[in-house]
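Structure, as structure tokens:
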Amino acid sequence: MDEAPGLSDQYRTASPWPVFVALGIPISELGLLFGLFPLAVGGLLLFCGSIAGMLKESGYVESTIRSLVVLSAILFAFGGALAFTEINLVTRGYATIAAAALLLVGGVAFELFVWDNKQAI
């Protein structure tokens, strides 16, 4: 009798990305809600980096940099809307813009300096 029916070596293991997405959302929300700059930036980096990792792992994108560029553009637009409107959310907008800039720089550095396994073969 098989102890794990229905499981075999052909199935992939579980992905770790949903846990990081679930952590990134409340961390960034707490940082943005209370105006805590480092917490907001760290949470947005965790959330957007996890989304980019999920897209790469599932095969929806060929390169991580493309998804990071799109996510950072969304964050730039959102941060600009927060920082440069008449509503007094300047700190939150600057935190979002800083997260977008760090996400873009990190994505470019990742693509330039991390060796992909496909290149080694």
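The values are calculated or read from the model by the stated rules, or taken from the named source; none is laboratory data. A quick note: this is a predicted structure, and the numbers were derived from the prediction, not measured. Cβ: placed from backbone, ideal geometry, glycine included. Neighbour counts: every protein chain shown.
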Subset of the stretch 26-38 [exposed (fewer than 15 other Cβ atoms within 10 Å of the Cβ) and at pLDDT below 90] = Leu33, Phe34, Gly35
remark   = All-but-one check, Val41 against (1) under 28 Å from Ala14 (Cβ atoms); (2) surrounded by 15 or more Cβ atoms within 10 Å (Cβ to Cβ); (3) within 12 Å of the chain's Cα centre (by Cα), failing number (1)
message = List the residue pairs whose Cβ atoms are under 6 Å apart, where the first residue sits in the stretch 36-55 and is assigned to a helix (DSSP H, G or I), the second is among the β-branched types (Val, Ile, Thr), and the two are 6 or more positions apart or on different chains.
response = Gly43/Ile27; Phe47/Ile25; Ser50/Val21; Ala52/Thr64; Leu55/Val61
key: Selected residue (only one of Thr96, Thr91 is at negative phi, crowded, with 20+ Cβ neighbours inside 10 Å, in contact (Cβ under 8 Å) with a residue 40 or more places away in the chain and assigned to a helix (DSSP H, G or I))   = Thr96
